[in-house]
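Below: one structure, written as structure tokens.
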Amino acid sequence: RTPGSTVHAFAFQHNHVAAGNVTGRTDIVATATLDRWYFLTGVSVSSGRPERSSAVVAFGDSITDGSDTDVNANHRWPDFLARRLDAAPGPYTVGVLNQGISGNRLLHDPNPPAGSDAENFAAYFGQSALRRFDRDVAAQPGARHVIVLLGVNDLGHPGTVAPVSETVSAADIIDGHRQIIARAHERGLKVHGGTILPFKNDTFGFYSPRNEAARQAVNHWIRTSGEYDGVIDFDKALRDPADPQRLLARYDSGDHLHPGDAGAEAMAAAVPLHLLR
């Protein structure tokens with residue numbers, strides 16, 4: 001038995017367990033199949049021409065993590081973005097580092113209400129984005145750009161899987177984004193803001209008129225303040241023109257909050273590649 005020292009709870013990738021020490025084998029007989037990553041904290045790829053290579057960090061929550069996209073298909077929006085960048089003409093190589101954690105919040109660590117079901121899974125949500133920024137963004141080799149897509153869980157968790165006392169305002173979320181911008185700029189990183197996707201009638205209980213108003217206020221600030229180096233309007237790319245508070249049906253995974261595979265591809269298509277050069 002080997003205790004797990006690290007875990008990525010929602011990998012959307014099958015991983016396999018085998019009996020005995022099989023580390024040197026190229027073929028194994030699996031005794032179990034898991035949908036989590038254990039032990040692995042990251043993969044770094046060395047470039048032969050580092051002066052012509054860089055990376056963009058996708059910094060977000062379950063939507064960046066790939067929730068509800070097809071397992072083993074690599075259909076997370078950062079995967080689609082990586083394919084776009086790989087196919088783009090030009091002498092420079094740009095990699096994509098997926099630092100999305102399902103359930104992650106910008107401002108708060110997990111804090112499940114005592115006695116709630118969330119006590120069984122909230123720890124997987126990870127430290128707040130503000131707390132993990134140095135480790136998950138600033139310390140990444142080759143990183144030159146950051147795409148930030150955070151805030152929906154800050155709106156939706158209080159009263160569902162976090163205490164109501166952690167309710168935040170649009171101003172609170174904007175202040176958190178400003179901290180990310182300042183810390184990225186201190187480290188010479190270009191940082192781009194992604195607008196929060198619509199989530200009307202979601203199955204998690206996140207939606208309310210108050211939360212919708214806050215989402216709109218945050219998105220307006222991202223679009224118009226000029227504080228981010230670039231803006232990626234995920235909201236505009238995926239919302240239903242007939243009801244802009246909802247995801248367009250063909251982009252909806254079915255829970256009205258997470259995009260499916262087509263939605264993830266549309267998100268990647270909404271990223272202006274010139275921002276990342």
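The values are calculated or read from the model by the stated rules, or taken from the named source; none is laboratory data. All values derive from a computational prediction rather than experimental measurement. All Cβ positions, even for glycine, are placed from backbone atoms using ideal geometry, and neighbour counts span all protein chains on display. In case anyone asks, the SASA skips ligands and DNA or RNA and just uses the protein heavy atoms, side chains included. Shrake-Rupley method; radii C 1.70, N 1.55, O 1.52, S 1.80 Å.
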Inset, instruction - Hey, can you tell me all the residues within segment 219-258 that are touching a His at 6+ places or on another chain (Cβ under 7 Å) and of a type in the set (Asp, Glu)? - result: Asp229
Inset, instruction - Look through segment 157-175, keep the residues that are loosely packed, with under 15 Cβ neighbours inside 10 Å and aliphatic (A, V, I, L, M), and return whichever of them is farthest from the chain's Cα centre (by Cα). - result: Val164
Legend entry - Segments classed as strands (runs of 3 or more DSSP E), wholly inside segment 1-90, with at least 2 members that are touching a residue at least 12 places away in the same chain (Cβ under 8 Å) and buried (at least 16 other Cβ atoms within 10 Å of the Cβ): 53-60
Inset, instruction - From the list Asp134, Asp154, pick out the single residue that is open to solvent by 50 Å² or more (accessible area, probe 1.4 Å) and either free of Cβ contacts under 8 Å to residues at least 60 places away in the same chain or not assigned by the TED database to the domain that holds His8 (or both). - result: Asp134
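Take the residues in segment 91-106 that are among the hydroxyl-bearing types (Ser, Thr, Tyr) and either in a strand (DSSP E or B) or within 13 Å of Thr64 (Cβ to Cβ) (or both); name whichever of them is modelled with the lowest pLDDT.
Thr93
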Inset, instruction - Please work out which residue is nearest to Ala237 (Cα to Cα), limiting yourself to segment 249-261 and to residues that are touching a helix residue (DSSP H, G or I) at 6+ places or on another chain (Cβ under 6 Å) and open to solvent by 20 Å² or more (accessible area, probe 1.4 Å). - result: Tyr251
Inset, instruction - Considering (1) in contact with a Lys or Arg (Cβ under 7 Å, 6 or more places away or on another chain); (2) open to solvent by less than 30 Å² (accessible area, probe 1.4 Å), say which one Asn98 fails and leave the rest. - result: (2)
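In segment 80-103, which residues are among the hydroxyl-bearing types (Ser, Thr, Tyr) and within 19 Å of Ser46 (Cβ to Cβ)? It would help to see each step written out before you state the result.
Looking only at segment 80-103, we keep the residues that are among the hydroxyl-bearing types (Ser, Thr, Tyr), and these are 92-93, 102.
Tyr92, Thr93, listed by residue number.
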